[in-house]
Amino acid sequence: MRELSLHILDVIENSLAAGATLIHISIVDDADQNMLGITIKDNGKGIEKSSIKKVLDPFFTTRTTRRIGLGLSLFRDAAERCGGRFSITSKKNEGTEIVATFERDHIDRAPLGDSAGTLLSLVVGNPFVDFTYTHEIAGSSFFLDTRQIKKELEGVPVSHPDVVKWLGDTIRQGLVTLTDTNG
Amino acid sequence: MAKLTIEDLKKIRENARKATSLRSGEVTVKITVHMGTCGIAAGARECMNALLEELAQTDRQDIRIMNAGCMGMCSSEPNVTVELEGQPPVIYQHMDGNKTRQVFKRHVLKGEVQTDFALARIKET
């Protein structure tokens, strides 16, 4: 994928297919440690112990439309190609956690890209799922929790045009502020 | 630009309550952006973002935009399916941000199917 935020979107589609209702996204951008870390944790149905090694095989998939499942193997390859690591931990009926780290200055490390676009797509496209998003750069962070937002909305759907606009502006503004002051 | 806060959500909530007529949140348009690995790699997120921007400029509360997985037609991704109430769903192929905006403005808002971009119309069985 051209951007790491597209891998995030892709992995979360897996979480959603697993029936997750709460998904945590965490991005740590640490120039001092030369590390970029991405963690995605969901409360979906989890992966069977016997399948955990198989999920990284592009010819293994639990879906029925195709016989290929590329997402995790591509993400793992991206991390390892950049001197990083990739891990999957999962417990049946509790959830799955994916952690990918990258050497931040590695020449092959794709940019994080439009993570605001990724987050907005996920939040509005999946109104019955909650997300938390934490993005840290050099000690500052941007945090969003859709549970807080939905609590304030008291039933107004996230797909309401005014809410879509608010979400888009809030997320983009928050991330611009974060990257401008710490970029 | 003034900093957006949670306070703005309260205003949105109040306005939405006042504006809501007796409509009970029914959905008359369903737009599905296919987000399998194939779709994402081909640019589905840009289609989704274009839809969200267009939606934010309307006052339509009856339009639902959803994500779905791969439907198996990977070489025609990004695919966007538009289903207007009472009409057969139309699957659009090779979409990008601009084409998506056109489909939103003409098909979703005006009911004019954009046949140039269409892959198929799903027949009711």
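The values are calculated or read from the model by the stated rules, or taken from the named source; none is laboratory data. Quantities reported herein were computed from a predicted structural model and do not represent experimental measurements. So basically every Cβ, Gly included, is an ideal-geometry build from the backbone, and we count neighbours across all protein chains shown. Heavy atoms of the whole protein, side chains included, go into the accessibility calculation; ligands, DNA and RNA do not. Shrake-Rupley method; radii C 1.70, N 1.55, O 1.52, S 1.80 Å.
Annotations for the structure displayed:
- Take the Cα of A:Thr181, go 7 Å toward its beta carbon, and the backbone nitrogen atoms of segment A:118-160 under 14 Å from that spot belong to A:135-143.
- Reported value for chain B: 139 Å³ per residue, from the convex hull of its C-alpha atoms.
- Annotation for A:Val28 and A:Arg2: the two label points, set 7 Å from Cα along the Cα-Cβ direction, are 3.0 nm apart.
- Amide H contacts of B:Ala120 (H built 1.01 Å from N, under 5 Å, at least 5 apart or other chain): B:Ile91
- Within segment A:125-180: Cβ-based charge dipole about Cα centre, in debye rounded to nearest 20 (Lys, Arg +1; Asp, Glu -1): 100 debye
- A:Lys92 paired with B:Asp116, simple spin-label distance in nm, labels 7 Å along Cα-to-beta-carbon: 5.4 nm
- Helix screen, chain A: DSSP H segments with Cα axial length of 18 Å or more and mean Kyte-Doolittle hydropathy at least -1.0 are A:4-17, A:161-182.
- Stokes-Einstein diffusion of the protein assembly as shown at 25 °C, 0.890 mPa s viscosity, Kirkwood radius from Cα pairs, rounded to a whole number: 121 µm²/s.
- Two-decimal Rg to Rh for segment A:1-105 - Kirkwood Rh, Cα set: 0.96
- Gyration tensor over alpha-carbon atoms, segment A:81-183, equivalent ellipsoid semi-axes in Å: 27, 20, 12
- Entries of A:Lys54/A:Lys92; B:Lys30/B:Lys99; A:Lys41/A:Lys150; A:Lys41/A:Lys151 with Cα pairs more than 24 Å apart: none
- Where B meets A: accessible area buried, both sides, 1.4 Å probe, Å²: 3200 Å²
- Antiparallel %, DSSP beta bridges [both residues in the protein assembly as shown], to 5: 75 percent
- Fully extending the segment from B:Asp96 to B:Ile6, taken as 0.36 nm per residue of separation minus the present Cα-Cα distance, adds 29.1 nm.
- 15 Å cut-off, amide nitrogen to a point 7 angstrom out along B:Thr58 Cα→Cβ, residues in segment B:81-125: B:81-87, B:90, B:100-114
- Shape class of chain A from the Cα gyration tensor (axes a ≥ b ≥ c, square roots of the eigenvalues): oblate, since a/c reaches 1.5 or more and a/b does not exceed b/c.
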